[in-house]
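The values are calculated or read from the model by the stated rules, or taken from the named source; none is laboratory data. The structure displayed is predicted, hence computed values, not measured ones. Cβ placement follows ideal geometry from the backbone for every residue including glycine, while neighbour counts extend to all protein chains displayed.
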Amino acid sequence: MLVYMWASQEKCYTTATGTVANGAVLFTITGGPIKVLDIMSECITANAAVASTLQYSSTPTVGSATTISGASASLVSATAGTTVRLAPTALSTAPVVVAASAGGVQLGTNVANYITVNAGTITAVVGVGTMTGTWRHHIRYAPLSPDSIIAGN
């Protein structure tokens, strides 16, 4: 019984720090679908002065890939401490970018929306240029089956 109680609770996962290329797998979902409650990417070392944007995409094990956000504002010269946060008002809504000069402090969206994705991966769609800095990514989610979990990448 305790295993099922743990399995149904909200969980979080943080990736290792690294550069982000177009198509990079951020999270791998196994065991079944999840409800994405929050995704935030955090700049650890500064991006170069090359224009780039970040968008999130779901690639299910069965079915076709689809974006779950619009493209962010430009991340040109983003400094350590800048954050990019999923804003689940619509699947086309751009993530919110908050500069390190503003503390990278994000305000949660005041909606009851969330995004459900099936087992598979959540990937980065990097547009315009390359992201040369290093980033780490955080997700908070609720499993929709007792076996749903985020696995390490």
Just give me the residues in the range 114-132 being in a strand (DSSP E or B) and modelled with pLDDT under 90, in sequence order. Met131, Thr132
Filter the range 90-113 down to the residues that are part of a loop (DSSP other than H, G, I, E, B) and at pLDDT 85 or above and list them by number. Ala90, Leu91, Ser92, Thr93, Ala94, Pro95
For the structure I just gave you, tell me whether Ala87 is in contact with a Pro (Cβ under 7 Å, 6 or more places away or on another chain) and free of Cβ contacts under 8 Å to residues at least 24 places away in the same chain. yes
Every residue from the range 33-65 that is touching a Pro at 6+ places or on another chain (Cβ under 7 Å) and closer than 18 Å to Pro143 by Cα: Ile34
Cross-chain or 6+ apart pairs with Cβ under 9 Å, the range 8-31 first and part of a loop (DSSP other than H, G, I, E, B), then buried (at least 18 other Cβ atoms within 10 Å of the Cβ) and acidic (Asp, Glu): Thr17/Glu42
Criterion first (aliphatic (A, V, I, L, M) and in contact with a strand residue (DSSP E or B) (Cβ under 7 Å, 6 or more places away or on another chain)) does Val62 satisfy it? no
